[in-house]
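Participant: Before I ask anything, let me first share the structure, which is written out below as structure tokens.
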Amino acid sequence: MSVPQPDRRKCPLCGKPADTRFRPFCSKRCADLDLAHWLRGDYAIPARAAPDDEEDGASSSEKPNEAPED
Ligand SMILES: [Zn+2]
């Protein structure tokens, strides 16, 4: 089985065989759609809020509860 695979990339948007004119997409429609996603920022890495681990960090030591100094 050493058949050279032709460029059988699939459209990342709809999965159809890509058209060489619109690679890696299958059509101008999908290419435009992808571009629209980019322009809208859909592919932007979502800015994750810093995880609130403050409670976890205090678990190492005994909780400084107010001891009744009496
Ligand atoms: Zn497509």
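Participant: If you check every pair at least six apart or on different chains, which have Cβ atoms under 7 Å apart with a residue in the range 18-40 that is under 21 Å from ARG8 (Cα atoms) first and a residue that is near the ligand (Cβ under 9 Å from one of its atoms) and of a type in the set (Ser, Thr, Tyr) second?
Facilitator: Listed by first residue and then by second, the contacts come to ASP19/SER27.
Quick grid of which residues meet (1) more than 8 Å from the ligand (Cβ to nearest atom); (2) small (Gly, Ala, Ser); (3) touching a helix residue (DSSP H, G or I) at 6+ places or on another chain (Cβ under 8 Å):
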residue: ARG8; (1), (2), (3): yes, no, no
residue: GLY15; (1), (2), (3): no, yes, no
residue: ALA18; (1), (2), (3): no, yes, no
residue: ARG23; (1), (2), (3): yes, no, no
residue: SER27; (1), (2), (3): no, yes, no
residue: ASP34; (1), (2), (3): yes, no, no
residue: HIS37; (1), (2), (3): yes, no, no
residue: GLY41; (1), (2), (3): yes, yes, no
residue: ALA47; (1), (2), (3): yes, yes, no
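Quick grid of which residues meet (1) in contact with a Lys or Arg (Cβ under 9 Å, 6 or more places away or on another chain); (2) of a type in the set (Gly, Ala, Ser); (3) at pLDDT below 90:
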{"position": "PRO6", "(1), (2), (3)": "no, no, yes"}
{"position": "ARG9", "(1), (2), (3)": "yes, no, yes"}
{"position": "CYS26", "(1), (2), (3)": "yes, no, no"}
{"position": "CYS30", "(1), (2), (3)": "yes, no, no"}
{"position": "LEU33", "(1), (2), (3)": "no, no, no"}
{"position": "ARG40", "(1), (2), (3)": "no, no, yes"}
{"position": "PRO51", "(1), (2), (3)": "no, no, yes"}
{"position": "SER60", "(1), (2), (3)": "no, yes, yes"}
{"position": "GLU66", "(1), (2), (3)": "no, no, yes"}
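The values are calculated or read from the model by the stated rules, or taken from the named source; none is laboratory data. What you see is a predicted model; the values in this text were computed from it and never measured. Don't worry about glycine lacking a Cβ; one is built from the backbone with ideal geometry, like all the others, and counts go over all protein chains shown.
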